[in-house]
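Here the structure comes first, spelled out in structure tokens, and everything after it is commentary.
Read-outs: derived from the displayed coordinates by stated rules, not from any lab. Since the model is a prediction, treat every value here as computed from it, not as a measurement. Virtual Cβ from ideal backbone geometry, glycine too; neighbours counted across all protein chains shown.
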Amino acid sequence: YTPIDDRTWRERGWMIFSTSGTTATPRSFRYTALDAELWARTSARALYAMGVRAGESALTCTNYNPHVFFWSIHHAFNLMKVAVVPGGVPTERRLQMIDLYRPTILVATPSYSLHLAGAMREAGGDPAASSITKIICGGEPASGIASTRRRIEETWNAELHDVYGCTEAVPAGWAFTCREGLKRDPIATHVQEDLQIWELVDPDTFEPVPPGARGLTVVTNLNSEGSPQLRFLVGDFATFDYGKCACGRTFARARGGFNGRADDMLNIRGLKLFPSVIEEIVRGFDALGNEFQIVLETEGVMDAFTIVVETSVPVGETYANELRVRLEAEVIRQCELRPRIHLSAPGTLPRTEFKARRVIDRRRTL
Ligand SMILES: [Zn+2]
């Protein structure tokens, strides 16, 4: 899966990356020195739009897997003279690093940023009073899910930005939130149109949709040696706005961000459901924690749909019942599906550093 032959690789090879491979065999890519340069520059200007400036410092919460997001941001920080604190260590050490080195930027997946804040509170600290003023997320939708964004921003007393892209169509920068766009409702995520051609297509016919209509993302990326792509189907639903942004940039922007990969869409009892919708609902309840799972099973010929969610603090039976009723009603109202609600104690669901696995589908396939 690469246009870089062994000879080119020996002459100007830079790094190998691969897809995260949650559902399929990981795909690997060879990137060159030219890719490295393009990548750092185009990622740096995205960081600049987020308000990142030379002289800041950033804690990157990753163990430096071959994932594109953390590496691209690392090289962009280097170029911008933003000092990097590589947080390739357990959570307790990362907390110490925040205390000791006082980084202003935290780079993490949205789930991990909340997990880290919880660990800090357990250790007697207060994330809202820490040195962190900006959180940059990747790997999962963040800024476009209003309740998740509010929760992260309030927890850390910091501004949340996020990036969007895919391993197949890098290097050459990801889509990014700008400071002005974040103040608008819905928020906006710019795509880097001078490097890549972004299109939206109909999910059934794959024909381009009219301007302003919702469609699946398709990217053409020719500013790349390691992975040039012609009309690659990234496959997230988005709506593009081609007007000038309040920040002055003229790159098209996704209204409300990118919140649902078509592959992630669940079909439950014949109805379509994006896990991000459940996330939005769950995070809207202060009494519910950050972790949840969607569990699907077959009961007779029917789909059983259960939401397992942690409470933010231990709760009594009466209040637990009230929470279950309110959450069930909200899911029915927004999704037209009746879920079973299973509340679990704080800290009982699994935590992950990279992409959280929130959908457990145990349904029999017929
Ligand atoms: Zn903007």
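Results, tabulated for the structure shown:
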| read-out | value |
| --- | --- |
| Dipole magnitude of the chain, debye to nearest 20 (Cβ charges: Lys/Arg +1, Asp/Glu -1, about Cα centre) | 420 debye |
| Environment charge of Thr311, counting only residues whose C-beta is closer than 14 Å and scoring Lys/Arg +1, Asp/Glu -1 | -2 |
| Within-15-Å neighbourhood charge of Arg12 [Cβ basis; K, R +1; D, E -1] | -3 |
| Two-decimal log10 I(q)/I(0) for segment 249-366, as the Debye equation yields it once each C-alpha is a single scatterer, q = 0.14, 0.15, 0.20 Å⁻¹ | -0.64, -0.72, -1.18 |
| Relative contact order of the chain, pairs being alpha-carbon contacts under 8 Å that are 6 or more residues apart, as % | 13 percent |
| Approximate spin-label separation Arg351-Arg53, in nm, with each point projected 7 Å along Cα-to-Cβ | 3.4 nm |
| Cα-centred dipole magnitude for segment 265-361, charges only on beta-carbon of K, R (+1) and D, E (-1), debye, nearest 20 | 180 debye |
| Nonlocal Lys pairs with alpha-carbon distance under 21 Å, the chain (8 or more apart, or different chains) | 4 |
| Helix-only CD estimate at 222 nm, as mean residue ellipticity for the chain, using -39500 (n - 2.57) per DSSP H run (n ≥ 4) | -8500 deg cm²/dmol |
| Residues of segment 37-55 with amide N under 16 Å of the 7 Å Cα→Cβ point at Asp194 | 38-50 |
| Mean Cβ count within 10 Å, highest first, over the residues of peptides 209-215, 284-290, 98-104 | 284-290, 98-104, 209-215 |
| Rg(Cα)/(2.2 N^0.38 Å) for segment 172-278, N = residue count | 1.11 |
| Cα gyration tensor shape for the chain, rounded if a/c is under 1.5, else prolate or oblate | oblate |
| Around Gly270: net Lys/Arg minus Asp/Glu count, Cβ-Cβ under 11 Å | 0 |
